[in-house]
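Taking it in order: structure first as structure tokens, then the write-up.
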Amino acid sequence: MKKWIIIGSILILFLAGSSVVIYLNATKPVKAAEQKAIETAIEETSLIHAEEFQLYHGDNTYYVVTGTDEANESIIVWIPEQKGDIITRSADEGISRQEAIDILYSEKTPQKIIDVRLGVIENRPVWEIYYRSEQNLINYYYVHFDTGERLRIIENL
């Protein structure tokens, strides 16, 4: 009986260790992208302190870094993974996350909002709202960061 407990314990430790190694290897590319994006944002823009990092996969991949500048103002930096211009905005220049959600609710009746993230469509910064409809279908709603204008809807996936 003791032998089975020892074997079971060793097996559990082996599985836990393997899981940790797999997780760390899987997140390594994202951590490298985050580090590269923050370094680029600090070198190329007025960002001096990064607070948050997001990956956006739309028409093109963008790294989105939010933080503060020298005047302690909140800024957002969109960095293309491939070629392209870096987009920088003061957070006050555009609409907030909640304002983007309110725009969605003024036009649609989502059952559940799953995620709201910053991204880029056609070289314009956007809020991407990923939600489920009343029929439990997946939908994407894109709101222009600068103006609050609806730019694109992808429905019923």
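What follows draws every value from the coordinates through simple rules; no lab data is involved. None of the values given here were measured: they were computed from a predicted structure. Cβ: placed from backbone, ideal geometry, glycine included. Neighbour counts: every protein chain shown.
Could you please rank PHE145, PHE53, placing first whichever residue has the fewest other Cβ atoms within 10 Å of its Cβ?
By the 10 Å Cβ count, ascending: PHE53, PHE145.
Show me, for region 71-80, the HN-Hα J-couplings you get by feeding each phi into the Karplus relation (A = 6.51, B = -1.76, C = 1.60, θ = phi - 60°), rounded to Hz, glycine and proline as x.
With the stated coefficients, region 71-80 comes to 8, 6, 8, 6, 10, 10, 10, 9, 10, x Hz.
Based on C-alpha coordinates, I'd like the Rg and Dmax of region 97-154, in Å.
10.5, 32
Would you order VAL20, VAL116, VAL126 from fewest to most other beta-carbon atoms within 10 Å of each residue's own beta-carbon?
VAL20, VAL116, VAL126
Sorted from fewest to most neighbouring beta carbons within 10 Å, what does the list LEU24, LEU55 look like? Provide the component values of the computation, followed by the final result.
Working: LEU24 10, LEU55 15.
So the ranking, lowest neighbour count to highest, is LEU24, LEU55.
So what's the back-of-envelope 222 nm ellipticity for the chain, counting only DSSP H runs of four-plus at -39500 (n - 2.57) apiece and dividing by all residues, rounded to 500?
Mean residue ellipticity at 222 nm (helix-derived): -12500 deg cm²/dmol.
Would you mind giving the average projected area, over all directions, of the Cα convex hull of the chain in nm² with one decimal?
Numbers: hull surface 53.9 nm².
Orientation-averaged projected area of the Cα hull: 13.5 nm².
Pick out, in residue order, every one of the trypsin sites (Lys or Arg not before Pro) in region 3-85 that is DSSP loop and has at most 13 other C-beta atoms within 10 Å; say none if there are none.
LYS83
In a GNM of the chain with a 10 Å cut-off on Cα contacts, which of THR147, THR45, THR66 has the highest mean-square fluctuation?
THR147
Let me check I've understood the local charge: for ILE79, count other residues with C-beta under 14 angstrom from its C-beta, Lys and Arg +1, Asp and Glu -1. What total comes out?
Overall, the nearby charge balance is -4.
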